[in-house]
Protein chains: 2
Amino acid sequence: MQVAEEKVRKYIKEIRIKGTRLLQKMVQEPSTRGEESKAQAVVIEKCRELGLEMDIWEIGGDGLASHPAFCSDRSNFKGTPNAVGIMRGTGGGKSMILNGHIDVVPAGDSNDWHRDPYSGYIESGKLYGRGSTDMKGGTASLLMAIEAIKNTGIKLKGDVIFQSVIEEESGGAGSLAAVLRGYKAEAAIIPEPTNMKLFPKQQGSMWFRIAVKGKGAHGGTSYEGINAIEKAMLVIDRLRTLEKERNERITDPFFDHIPIPIPINIGKLHAGDWPSSVPDLAIIEGRMGVAPNETQEEAKREMAEALSDVSVMDAWLRIHKPKLDWFGASWVPGDLDPEHELVRVLSESYTAVKIQKPFIEASPWATDGGILSKIGGIPVVVFGPGVTEMAHQANEYIKLEDVFDSAEIIALTLLKWCEISE
Amino acid sequence: MQVAEEKVRKYIKEIRIKGTRLLQKMVQEPSTRGEESKAQAVVIEKCRELGLEMDIWEIGGDGLASHPAFCSDRSNFKGTPNAVGIMRGTGGGKSMILNGHIDVVPAGDSNDWHRDPYSGYIESGKLYGRGSTDMKGGTASLLMAIEAIKNTGIKLKGDVIFQSVIEEESGGAGSLAAVLRGYKAEAAIIPEPTNMKLFPKQQGSMWFRIAVKGKGAHGGTSYEGINAIEKAMLVIDRLRTLEKERNERITDPFFDHIPIPIPINIGKLHAGDWPSSVPDLAIIEGRMGVAPNETQEEAKREMAEALSDVSVMDAWLRIHKPKLDWFGASWVPGDLDPEHELVRVLSESYTAVKIQKPFIEASPWATDGGILSKIGGIPVVVFGPGVTEMAHQANEYIKLEDVFDSAEIIALTLLKWCEISE
């Protein structure tokens, strides 16, 4: 065992440049929603090089759209496939899913980036670009781990099921499709950007849209209208209070160090189309965090009640009630017992590589882990090399050292979890 | 004098059908921005029929684009000429400019119209169509007044300078070009849709854009970002206070009945592009009203100072100052002394036709009157037959009776102002 461990760790150190080039190629293919195919092709090419059993399919079958956990406003996923690559075990060992998403969020204002958002530029050990941290760096570490085991001639007893899925940033339809296609395992690791922390629990979330009506008028006689932006501000104020109320209730010690365990994020506010007109409609869109120990339905009910409160207090809104919709993305929270075997094995591997114990916490966001665990019944830990605070940010980067360490930790975990076939 | 007055009033009554047909033809030529030529051709044909001295030119010369009051995002005005037709006086009388704009705002959602927006359909004494009220009906009344004087054989001492200009809806480059070409007079009437009220004073306005920076972050760790929407709300709050401060200073009795004489309208707020991300940029766009007795520069300075105030009070905005731009449209306010001779003569003419005194007020919006008065030094009253509340609306219409009354009132005003040459 120790020999095998040393062999794979040494091998990963030798393919650092190769792994970096792989990550760079992945980042240089912008894979925002609907545009995932080219980045996915880079991953698929790598899987083929490693000789994995491939399953590449456009999701949408297997009763996907009618599944209660299905959450997407896309009805057609043509041209943007899911990819699964299996390193088949010799039998008798425990199986493991390694799951990464290929989609990235938009780059935002390009003026905020020091370089092209998809440059893949490397400086001081950091690789820059949208998706580097969230989560192509994690996926690269998975592929490096598999490459090391494969190319050092080690055979595992259990199957390793590598998944590169679409739609994580919009509600997890890609991972749901993989579950519905039959991919199950005795554990799963998702290398989202956790700053190398282990997250057996994850915050769930849901997207909401609130339409606030106003009444149009010419801007020169604005007093004849009702400004939808001003009414939307009342709604936003109430949502900030609701956020406060909900977070004061959180007592799980895993959240002790997190300023706002389950935030309500106001992500978009779009109102009006002419400077000289009073806007008659404001659309608020955002993300509501869901605690690991509450249901999405409970959270939805609280939001609806908060909007009722606003309506009661404002004469206009009392008649023209804000309209609440839950749309687009929705992530089920994750809640694995921190004493689970998977957490133990991953922690040991972490300690072997980093010579210190890992932080084990609750994540401030949900991942496809909720779908794998709540729908697939698979124990999940989220653990990865990305820099949490750089996800979705301008000048997003990942520390390459963490990608390499993560590859070693995952490789060691696979050796222990799936067992070496002698 | 009284004979002449009776003659022109009688003549205008006789050409009601002809005047209606003229207006109908003008409305049936959609003259949105850049598409004014066909409607302008209808006007020019009428001027030629009346034997006016014509000056038709594509604006852009005479230092137009470099003039401080120039406001247009068009750099080329080819194919959309200004037209001036002069009824030359015999000499010794006061001159008068009669100014109407030929451009109309877009029709908007055609589903909101009961008929084609350019039908010119007549029902119950109302003529329907985009531009009927704003302001082809006013222009038709000018042409009917000139026709009546001309065809009854009356000669005036002063020149009557009829102007049909482009670009009023986008900042007044057409009227500015006419001023720069040398067209001046001792008075001007602009028959914008005032509901037959006299507006010697007009609210000016300018469009502003304020960019408020935030700091992006993942919505699940929203506390690591700075929400640009929340910062924009601070800016909007300050603008509402500024609006209050500015309006409390207005003591002109003309504004007594107006709740907010010079509004600051927040017309647009667009921020964020992803529900799960903390928005890093909010763009506010709006219209700032300018009092008749202040300059645009003074108003701009107050807005800049208000934004400085916000910056001082917020740690983030102190470093990331909101960025203020003045863009797009800008209308100079108008401010004629209500005791001015022009107001008196026009009021008398009104009273003669309507057998009641006119309402004399300040308008809640600016017109090309600001350019004629502040740049051209010409005393201006805005007075016309259009229905104020139908301007820029679906199913815009004008009451034909008001067009005819307006033609009589303007004809009487010309007789008195320019004097009859015996």
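Bear in mind these aren't lab numbers, they're just calculated from the coordinates by the rules spelled out. All values reported here derive from a predicted model rather than from experimental measurement. Backbone-built Cβ (ideal geometry, glycine too); neighbour counts: all protein chains shown.
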key: Sequence of B:15, A:355 once ranked by neighbouring C-beta atoms within 10 Å, starting from the fewest   = A:355, B:15
Separation of alpha-carbon centers, the stretch A:7-28 and the stretch B:186-207, rounded to whole Å = 72 Å
Proxy reagent accessibility, fewest Cβ within 10 Å first, across A:262, B:146 = B:146, A:262
ask   = Put the label 7 Å from Cα along Cα→Cβ for residue A:323; what are its distances to the other copies, in nanometres, shortest first?
value = 3.5
ask   = How big, in percent, is the set of alpha carbon pairs in chain A lying more than 42 Å apart?
value = 17 percent
key: Projected label distance in nm at residue A:56 and residue B:41, using a 7 Å step from Cα toward the beta-carbon   = 5.9 nm
message = Just to confirm my numbers, what's the Cα centroid distance between the stretch A:362-414 and the stretch B:92-125 in Å?
response = 63 Å
query = How far apart, in nm, are two points set 7 Å out from the Cα along the Cα-to-Cβ line at residue A:17 and at residue A:49?
reply = 1.4 nm
ask   = Going through the DSSP H helices of chain B, which span 24 Å or more along their own axis at the Cα atoms while scoring at least 0.5 as a mean Kyte-Doolittle hydropathy?
value = B:400-418
In nm, spacing of pseudo-spin labels at residue B:395 and residue B:78 (7 Å Cα→C-beta vector) = 4.2 nm
ask   = Which semi-axis lengths, in whole Å and largest first, follow from the square roots of five times the eigenvalues of the Cα gyration tensor of the stretch B:206-330?
value = 31, 14, 12
query = Given 10 °C and 1.306 mPa s, how large is the Stokes-Einstein diffusion coefficient of the stretch A:7-63 in µm²/s, with Rh as the Kirkwood radius over Cα pairs?
reply = 119 µm²/s
query = Which ordering of A:199, A:162 is given by a fewest-first count of other beta-carbon atoms within 10 Å?
reply = A:162, A:199
inquiry  = Given a Förster distance of 25 Å, report the FRET efficiency between residue B:252 and residue A:315 from their Cβ-Cβ distance, rounded to the nearest 0.05.
reply    = 0.20
Relative intensity, log₁₀ I(q)/I(0), of the protein assembly as shown from a Debye sum that treats every alpha carbon as a point, q = 0.06 Å⁻¹ = -0.54
Per-residue [θ]222 nm for the protein assembly as shown (sum of -39500 (n - 2.57) over DSSP H runs n ≥ 4, rounded to 500) = -10500 deg cm²/dmol
request  = Provide the descending list of Cα extents for the stretch A:1-96 along its principal axes, expressed in whole angstroms.
outcome  = 49, 38, 21
remark   = Note: the stretch B:297-422, point scatterers on Cα, Debye, no solvent; log10 I/I(0) at q = 0.10, 0.21 Å⁻¹ equals -0.52, -1.29
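Hey, could you grab the Kirkwood Rh for the stretch A:302-367? Inverse mean 1/r over distinct alpha carbon pairs, Å, one decimal.
Values: mean 1/r = 0.0614 Å⁻¹.
Final number for the Kirkwood radius of the stretch A:302-367 is 16.3 Å.
If R0 is 41 Å, what FRET efficiency do you get for residue A:90 and residue A:357 from their C-beta distance, rounded to 0.05?
On the way: r = 32 Å, r/R0 = 0.79.
According to the calculation, E is roughly 0.80.
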ask   = Which value, to two decimals, describes the C-alpha radius of gyration of the stretch A:98-229 once divided by 2.2 N^0.38 Å?
value = 1.57
